[in-house]
Amino acid sequence: MRPAAILCMAIPAAIAGECVAAPPVRALQVPILAYHYVKEPNPESADMEAQVVVRPAAFSRQMARLSELGYQTVSLFQLWRALNGEGTLPPRSIVITFDDCCESRHLALSVPILRQHGFVATFFVVVESIEKSDKFSSWRDVVALASDGMELGSHSVHHLNLLDLNKASLREEVGESKRVLESKTGTRVRFFSYPFGMRSPPIQDAVTEAGYLGAVAMEPGIVSDPSQALAMPRLAVSGNYKLETFTRLLTDSPWVRPSR
Ligand SMILES: [Zn+2]
């Protein structure tokens, strides 16, 4: 089908006012998916975990659906560069993010599925969890993630509500987590994910002062403008979603109109 703009140009000027308006130029629009854990839910806390735990089989089907829809994954840094006119993205780009990184189980289940589709993702690491909990991955695993082409971001040191912190503590959660992550992994950490999605102008200032390029939020929406860098909206994928719901999130939600 010919675009409306071309049809309009063929119509004499006298009746041009009646022609169908050309669709607006489609700006860059990239969905960012927000996941937490890919694993089998704990039967004792399945209801509580429903929002944040996606079963491996469901995650696998969702990644296959992304492939079928023609999506290609990009990192937040690639997205940031494109938003700032420093590069181009594939026509159907998408960013996959994981908060609360990284339980060992989660990595063991999610990374092979991502690899199967040639996908990359951004893993937001809680520094304390890597250093203190047996349940979580080691720094060696986190380094391996980066070596595998995955992007690392910070999800703070202790995963506290940043709104409750004084300025010094806020700086530590935001800035120290970046420094530790970079020194432990030898990888540049450019993006922050607000714990619990809690943010404010002083928190965003701390993110900028610490040297991040941007941060992801929990408000639903789609990224289309560099002014969103400090609060990039995401589309949260709930563990309750059927495949149809996941698909509609990308094809028929109020926020997303995929680029063509
Ligand atoms: Zn979190």
Checklist entry - Which of (1) touching a Gly at 6+ places or on another chain (Cβ under 6 Å); (2) modelled with pLDDT of 95 or more; (3) over 18 Å from Ser156 (Cα atoms) is the odd one out, the single condition Ala210 does not satisfy? => result (3)
Item to check | Pick from segment 116-138, criterion part of a helix (DSSP H, G or I) and exposed (fewer than 13 other Cβ atoms within 10 Å of the Cβ), ranking: farthest from the ligand (Cβ to nearest atom) | outcome: Gln116
Next on the checklist: Under 8 Å between Cβ atoms, which residue pairs at least 6 apart in sequence (or on different chains) link something in segment 103-129 that is under 20 Å from Phe191 (Cα atoms) with a partner that is away from the ligand (no atom under 16 Å from the Cβ) and small (Gly, Ala, Ser)?
Outcome noted: Val120/Ser75; Val120/Gly149; Thr122/Ser75
Checklist entry - Out of curiosity, is Val111 within 22 Å of Tyr194 (Cα to Cα) and either part of a helix (DSSP H, G or I) or hydrophobic (A, V, I, L, M, F, W, C) (or both)? => result no
Next on the checklist: Condition first: outside any loop (DSSP other than H, G, I, E, B), in contact (Cβ under 8 Å) with a residue 60 or more places away in the chain and among the small types (Gly, Ala, Ser). Can you find one or more residues in segment 73-91 that meet it?
Outcome noted: no
Item to check | Wholly within segment 139-225, helices (runs of 4 or more DSSP H) carrying at least 1 residues that are within 16 Å of the ligand (Cβ to nearest atom) and among the polar types (S, T, N, Q) | outcome: 177-185
Next on the checklist: Can you report the number of residues in segment 102-115 which are more than 14 Å from the ligand (Cβ to nearest atom) and over 16 Å from Leu66 (Cβ atoms)?
Outcome noted: 5
Item to check | Unmet criterion (only one of (1) touching a Gly at 6+ places or on another chain (Cβ under 8 Å); (2) not in a loop (DSSP other than H, G, I, E, B)) for Trp255 | outcome: (2)
Item to check | Within segment 51-71, tally of residues that are outside any helix (DSSP H, G or I) and either touching a strand residue (DSSP E or B) at 6+ places or on another chain (Cβ under 6 Å) or within 16 Å of the ligand (Cβ to nearest atom) (or both) | outcome: 5
Checklist entry - How many residues does segment 39-50 hold that are in a helix (DSSP H, G or I) and loosely packed, with under 14 Cβ neighbours inside 10 Å? => result 6
Next on the checklist: Suppose the filter is touching a helix residue (DSSP H, G or I) at 6+ places or on another chain (Cβ under 9 Å) and exposed (fewer than 14 other Cβ atoms within 10 Å of the Cβ); does Lys167 pass it?
Outcome noted: yes
Checklist outcome for this item: Across segment 232-251, the tally of residues that are β-branched (Val, Ile, Thr) and touching a helix residue (DSSP H, G or I) at 6+ places or on another chain (Cβ under 7 Å) stands at 2
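The values are calculated or read from the model by the stated rules, or taken from the named source; none is laboratory data. Given the structure is predicted, the values throughout are model-derived calculations rather than measurements. Every residue, glycine among them, receives a Cβ derived from its backbone with ideal geometry; neighbour counts consider all protein chains shown.
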